[in-house]
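Just so you know, all these numbers are worked out from the coordinates, no wet-lab data involved. This is a predicted model, so every value here is computed, not measured. Here the Cβ positions follow ideal geometry from the backbone for every residue, glycine too, while neighbour counts run over all protein chains shown.
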Ligand SMILES: *Cc1c(COP(=O)(O)O)cnc(C)c1O
């Protein structure tokens, strides 16, 4: 059994958090002269520091309790806070499985945390035999698993994740930024079983709200309490909270958008496989596809001259390019231009 408190940095365990005016009195009615706000305008009040109305809607969507939700200014804020709660600078380590999302390494570097990089195998799956030597190491605090993985687009095998959850005494963070595009269920379904499971999701991808910056972190309520202690008091603006509340009302429309993108993804995959310079198109559980081409740099530069911007991943996987699925028009343009590439 994981001992959560022993994983938390000592200064955070002992931290007395900032107590905001809205922490000390949270009623709705009254004359508010406690927070040095202006009495004029309609955005004059500080936002709810714990975003309770929004969390209530998210809790219904995800079938978790409100006190198991943390909301960040993008998932990136949640990732940074995990480091600040659990990792002591220049002492602790984390594990990531490469190639993967670059923010884990950047957040680690900012927090002066050592990163152990385990390479995914040629199916982009975790090699457990190579991982086991780290599982008892008490200075390893976090393991990041991105599923569906960015940039490979595949899901990580559930049984491997379960093995890690059971054998590792630190926190296992599963980044599910792309889960709404996948055929698999979320790891949230294992939520009640593992105290050390943290799941990240976001409004930036399937919900089409990248401009708003709203990331969701789901965890045991004790983990949430530590994150709340450390976060800036008013990290989600009232504008952002209300825009997301409105978007959640459109969830049927969002579902249709996701279905459409999945159809477009499958069409792109089929078409790309026909192109002579494409060595491999990987299956995808996300809203992007990874392709292996003969010469990624020259394809990338060619597409730029046609004003089409894709993500050249050559530096992390030789001759691989990641392409986001656009709308039908954009995808038609892309395919037409690619057919002309020599
Ligand atoms: C896009 C993405 C996110 C989302 O980050 P936000 O800060 O919520 O926009 C998180 N994780 C992965 C793997 C991503 O690709």
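Figures for the structure shown
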item: Computed label-point distance, nm, for sites residue 294 and residue 15 using a 7 Å Cα→Cβ extension; result: 5.4
item: Sites residue 256 and residue 63 - FRET efficiency at Förster radius 22 Å, r taken between beta-carbons, to 0.05; result: 0.50
item: Nearest-ten-degree value, helix 238-249 long axis tilted from longest Cα axis of the chain; result: 60
item: Calculated FRET value between residue 112 and residue 342, using beta carbons and R₀ = 41 Å, to 0.05; result: 0.30
item: Residue exposure sequence - 100, 138 - by fewest surrounding Cβ within 10 Å; result: 138, 100
item: Using alpha-carbon coordinates, inclination of helix 328-339 to the longest axis of the chain, degrees; result: 40
item: Proxy reagent accessibility, fewest Cβ within 10 Å first, across 303, 71; result: 303, 71
item: Estimated inter-spin distance, residue 133 and residue 330, nm [label 7 Å along Cα→Cβ]; result: 4.3
item: Most mobile listed residue (62, 307, 193) in the chain, GNM with C-alpha springs under 10 Å; result: 307
item: Acute angle (nearest 10 degrees) that the helix 296-305 long axis makes with the longest principal axis of the chain, alpha-carbon atoms; result: 80
item: Share of pairwise Cα separations in the chain, more than 25 Å, in percent; result: 57
item: Gap separating the Cα centres of the range 211-230 and the range 248-290, nearest whole Å; result: 30
item: The chain - share of DSSP beta bridges that are antiparallel (%, nearest 5); result: 50
